[in-house]
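The values are calculated or read from the model by the stated rules, or taken from the named source; none is laboratory data. The shown structure was predicted, so the numbers you read here are calculated from the model rather than taken from an experiment. Here Cβ is always computed from backbone atoms with ideal geometry, including for glycine, and neighbour counts include all displayed protein chains.
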């Protein structure tokens with residue numbers, strides 16, 4: 001009801017004599033005790049189960065398909081032989097009998113009570129309608145598609161009934177629009193959402209790796225420039241040191257020469273070191 005938008009009487013009628021069968025659902029295969037599903041599952045509602053007495057179809061999302069698969073596998077392990085004519089939801093007391101509408105509603109009420117939800121069972125169908133409306137608002141679910149999947153009369157329903165079906169491309173378009181609404185319908189995270197998230201993470205990681213490589217390259221160039229600058233500084237320091245040494249040597253040489261000349265002058269009777277007598 002919540003994922004496909006069907007009425008409870010579609011699953012099982014008032015007296016439990018009719019309802020959806022495994023043959024009404026496309027995308028399910030059973031081999032021994034293993035059930036394989038390929039969501040979204042196409043669910044066809046026959047005329048005798050439709051409130052408008054018109055045949056139509058809807059879809060069941062990934063989350064709903066997994067719940068259905070688990071339910072069918074429990075029945076298989078319990079020894080039930082499931083065939084295309086088998087009820088999708090069967091009576092607890094009779095494996096071949098459909099569950100009646102009142103039993104479905106009663107089961108939903110009990111589940112709601114355990115979960116602390118004070119709502120009527122039909123809130124599940126309204127949940128589907130609201131999510132389809134959200135899909136319309138987001139521009140991914142045409143109004144005619146959502147109305148058709150809920151079994152309402154309209155342009156799509158007229159085309160489906162008057163022309164004995166829809167074109168394959170039209171069915172694929174409805175299926176794809178429904179698939180895009182997974183993010184609104186499902187309560188958990190779908191595989192597609194996980195794949196999209198992983199793809200975004202991979203892009204972020206690739207971008208980070210590129211930025212890291214660029215940063216390392218800049219750091220490498222910066223280190224090389226730092227080494228070159230340090231080398232130039234060391235060379236300048238050496239040149240400065242050498243210059244000071246020369247200056248010191250020249251200073252020492254000049255002082256020594258002046259002292260020697262003074263001694264010679266004193267020794268030669270105040271003669272200038274050049275040999276001239278001072279005046």
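Structure data summary
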| read-out | value |
| --- | --- |
| Strands (runs of 3 or more DSSP E) within region 11-65 that include 3 or more residues surrounded by 21 or more Cβ atoms within 10 Å (Cβ to Cβ) and without any contact (Cβ under 8 Å) to a residue 60 or more places away in the chain | 34-45 |
| Odd one out for residue 3 among (1) in the same structural domain as residue 156 (by TED's automatic domain parsing); (2) touching a residue at least 24 places away in the same chain (Cβ under 8 Å); (3) surrounded by 15 or more Cβ atoms within 10 Å (Cβ to Cβ); (4) in contact with a strand residue (DSSP E or B) (Cβ under 9 Å, 6 or more places away or on another chain) | (1) |
| Number of the condition not met by residue 70 [criteria: (1) surrounded by 13 or more Cβ atoms within 10 Å (Cβ to Cβ); (2) within 20 Å of residue 3 (Cβ to Cβ)] | (1) |
| Region 66-118, residues that are under 35 Å from the mean Cα position of the chain (by Cα), within 19 Å of residue 13 (Cβ to Cβ) and in a loop (DSSP other than H, G, I, E, B) | 88, 89 |
| Boolean, residue 157 is part of a helix (DSSP H, G or I), touching a helix residue (DSSP H, G or I) at 6+ places or on another chain (Cβ under 6 Å) and surrounded by 13 or more Cβ atoms within 10 Å (Cβ to Cβ) | yes |
| Neighbours by Cβ (under 8 Å, 6+ apart or cross-chain): first from region 171-200, assigned by TED's automatic domain parsing to the domain that holds residue 155 and modelled with pLDDT of 90 or more; second surrounded by fewer than 11 Cβ atoms within 10 Å (Cβ to Cβ) and in a helix (DSSP H, G or I) | none |
